[in-house]
Amino acid sequence: MKITAIAFTLFVSRNSPIRAFSNAAILCTRSSSTTNYLARSTVTTTSSCPRINTARTMSSTAESSAANPLLESSDLPKFTAIEPSQLTPAMTSILEQLEKDFASMETTMSEEGSKGYDDVLPVVEKMQHPLGYAWGIASHLNGVKNGDELRAAYEENQPKIVEASMKFSQSKPLYDALVKVQEGWAGQEEKEDDFVTAQKKRAVENSLRGMKLGGVGLEEGAPEQIRFKEIKMRFAELSTAFSNNVLDATKAWGHSVTDAADVEGVPESGKAMWAQAYQQHLITECKDEDEKKKLEEAKVDANAGPWRLTLDGPSYVAAMQHIPSRELRKAVYLGYLTRASDLTAVEEEEEKKEGAKIGVIFLWIVVAFTVIWLVCYFRDALLFFFGNAWNNTRRYGCKGCLKSFCPCIFGYQSGAGSGGNEPLDQIIFETEDPNAPLMS
């Protein structure tokens with residue numbers, strides 16, 4: 001989970017801002033330590049693309065950023081001042097401004113004229129930075145300081161982030177502008193020692209590949225695009241649900257140790273951590289307020305114990321490195337390995353969907369076999385009926401066809417019984433001999 005949170009915090013520093021923005025929005029768990037050398041070293045003030053978007057973003061959120069630390073993206077995160085209730089207002093403000101800047105960017109990218117690298121990727125990255133900064137902090141806190149309020153706010157805003165990321169990855173004006181930048185380098189001579197140009201080319205190439213994988217080739221409003229969006233949303237939902245399940249399982253697991261021989265050779269810091277965890281566990285489980293106060297005031301003896309092993313990172317690493325008991329290490333390892341392995345709710349939901357699909361398929365199979373059986377059982381009557389209908393159609397035209405299918409309505413005509421205009425129902429169903437069989 002910490003790796004996931006770090007990936008969110010660092011995603012704005014990747015070479016490809018568009019690809020990074022999309023991956024971050026769907027909870028991509030790949031971490032990257034690559035710094036964005038290009039955005040800081042290649043942006044010039046002579047670019048022809050207007051740079052007022054970022055300034056407008058900063059100015060529009062200047063007042064609210066004083067009260068909401070998630071909007072202060074120009075400095076290090078102020079974790080101690082961040083509250084879960086601030087997440088939704090921050091995301092709403094950032095997304096509203098991002099929507100305006102995105103529309104302005106697409107208009108600019110659609111205009112005729114040559115555009116260089118500095119007119120495209122650095123502008124996009126600056127536009128995405130406030131959202132990436134705030135959402136990266138929220139993702140990190142959701143991983144290391146998860147709570148009901150933060151979890152609810154995070155799940156509420158996640159679909160909006162996924163939708164915003166898809167707008168960038170499926171923007172055809174932006175894609176066309178990147179293609180023009182790439183084509184502009186085609187005829188230029190490449191120097192082997194030109195490190196900056198090589199990194200620019202790689203950034204453009206990664207962005208184009210990310211946009212292709214993000215569905216830029218899908219037509220707007222096409223069934224494929226709608227289905228692609230549903231898959232993205234579902235993937236983000238399942239990823240968050242799994243992360244929450246892992247966090248819950250990590251908090252729930254614990255193994256108490258009372259024998260000092262089981263922690264022999266463990267550093268003092270590790271035993272102190274486990275003794276503190278045992279005391280905290282007793283405080284959490286205690287129902288009596290007076291007893292709970294006594295436990296809070298009691299001093300912890302790291303050497304005397306007891307101790308409680310957990311699956312938190314520091315506890316898990318210390319246990320696997322220093323605990324001498326093989327069986328105890330095995331218990332900790334299996335507990336860590338099988339976190340969130342009981343996905344009953346998700347499995348039941350998927351089984352319901354699969355069961356519904358199987359039920360529809362089974363119903364169609366039953367209907368098909370029933371129709372086939374009826375056709376086979378009444379084949380003689382059907383052959384007789386359709387054969388007469390065909391003959392009557394040839395003899396009398398459309399009227400004969402109608403009389404064959406609806407003899408009760410179209411069967412009798414004026415002048416019946418004279419010269420081939422006999423009533424059709426009488427021709428088909430009546431004979432002169434009442435004892436003759438209906439069909440011979």
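For residues that are over 19 Å from residue 106 (Cα atoms) and in a loop (DSSP other than H, G, I, E, B), scanning just the stretch 130-172, find the one that is most open to solvent (accessible area, probe 1.4 Å).
Top of the filtered list is 145.
Say we look at the stretch 107-123 and pick out the residues that are outside any helix (DSSP H, G or I) and in contact (Cβ under 8 Å) with a residue 12 or more places away in the chain; which of these is least open to solvent (accessible area, probe 1.4 Å)? Full working, then the answer.
Initially, the stretch 107-123 is screened for residues outside any helix (DSSP H, G or I), giving 111-116, 120.
Next cut, in contact (Cβ under 8 Å) with a residue 12 or more places away in the chain only: 113-116, 120.
Working: 113: 41, 114: 111, 115: 40, 116: 30, 120: 1 Å².
Within the stretch 107-123, the match that is least open to solvent (accessible area, probe 1.4 Å) is 120.
Could you please find all residues in the stretch 321-333 being in contact with an Asp or Glu (Cβ under 8 Å, 6 or more places away or on another chain) and part of a helix (DSSP H, G or I)?
Answer for the stretch 321-333, where residues must be in contact with an Asp or Glu (Cβ under 8 Å, 6 or more places away or on another chain) and part of a helix (DSSP H, G or I): just 328.
Could you run through the stretch 74-106 and say how many residues are in contact (Cβ under 8 Å) with a residue 40 or more places away in the chain and among the β-branched types (Val, Ile, Thr)?
Number of matching residues: 3.
Cβ-Cβ below 7 Å, separation at least six or inter-chain, first residue in the stretch 189-216 and over 20 Å from residue 170 (Cα atoms), second at pLDDT 85 or above and aromatic (Phe, Trp, Tyr): which pairs?
Sorted first by the residue in the stretch 189-216, then by its partner, the pairs are 200/117.
Answer yes if at least one residue in the stretch 334-344 is touching an Asp or Glu at 6+ places or on another chain (Cβ under 8 Å) and polar (S, T, N, Q), and no otherwise. Walk me through how you get there before you give the answer.
First pass over the stretch 334-344, keeping only residues touching an Asp or Glu at 6+ places or on another chain (Cβ under 8 Å): 340.
So of that shortlist, the ones also polar (S, T, N, Q) come out as none.
Checked the stretch 334-344: no residue is touching an Asp or Glu at 6+ places or on another chain (Cβ under 8 Å) and polar (S, T, N, Q).
Here is a check on your reading of the model: is residue 243 open to solvent by less than 70 Å² (accessible area, probe 1.4 Å), polar (S, T, N, Q), in contact (Cβ under 8 Å) with a residue 24 or more places away in the chain and farther than 30 Å from residue 169 by Cβ?
no
Any residue in the stretch 146-160 that is at positive phi sitting within a Cβ distance under 6 Å of a residue that is among the hydrophobic types (A, V, I, L, M, F, W, C)? List the pairs, counting only those 6 or more apart or interchain.
Close Cβ pairs satisfying both conditions: none exist.
Residue 424 fails exactly one of the following numbered conditions: (1) at pLDDT 55 or above; (2) touching a Lys or Arg at 6+ places or on another chain (Cβ under 7 Å); (3) not charged (D, E, K, R). What is the number of that condition?
(1)
Do we find that residue 294 is assigned to a helix (DSSP H, G or I), open to solvent by 80 Å² or more (accessible area, probe 1.4 Å), at pLDDT below 85 and over 30 Å from residue 156 (Cα atoms) in this structure?
yes
Run residue 256 past the list (1) at pLDDT 90 or above; (2) buried (at least 16 other Cβ atoms within 10 Å of the Cβ) and report the number of the one that doesn't hold.
(2)
In this structure, is residue 196 open to solvent by less than 10 Å² (accessible area, probe 1.4 Å) and either closer than 28 Å to residue 95 by Cα or in contact with a helix residue (DSSP H, G or I) (Cβ under 8 Å, 6 or more places away or on another chain) (or both)?
Here the answer is no, as residue 196 does not meet what is asked.
Just one of the numbered conditions (1) at pLDDT 90 or above; (2) open to solvent by 60 Å² or more (accessible area, probe 1.4 Å) is not true of residue 229; which one?
Among (1) at pLDDT 90 or above; (2) open to solvent by 60 Å² or more (accessible area, probe 1.4 Å), residue 229 violates only (1).
Are any residues in the stretch 246-275 without any contact (Cβ under 8 Å) to a residue 24 or more places away in the chain and not in a helix (DSSP H, G or I), and if so, which ones?
Within the stretch 246-275, just 259 meets the criteria.
For the stretch 76-94, name all the residues that are under 28 Å from the mean Cα position of the chain (by Cα), of a type outside the set (Ser, Thr, Tyr), in a helix (DSSP H, G or I) and surrounded by fewer than 18 Cβ atoms within 10 Å (Cβ to Cβ).
79, 89 - these are the residues of the stretch 76-94 that are under 28 Å from the mean Cα position of the chain (by Cα), of a type outside the set (Ser, Thr, Tyr), in a helix (DSSP H, G or I) and surrounded by fewer than 18 Cβ atoms within 10 Å (Cβ to Cβ).
The values are calculated or read from the model by the stated rules, or taken from the named source; none is laboratory data. Worth saying up front: this structure is predicted, and the values here are computed from it rather than measured. Virtual Cβ from ideal backbone geometry, glycine too; neighbours counted across all protein chains shown. Ligands, DNA and RNA are stripped out before the accessible areas are found, and what is left, the full protein with its side chains, is counted by its heavy atoms. Shrake-Rupley method; radii C 1.70, N 1.55, O 1.52, S 1.80 Å.
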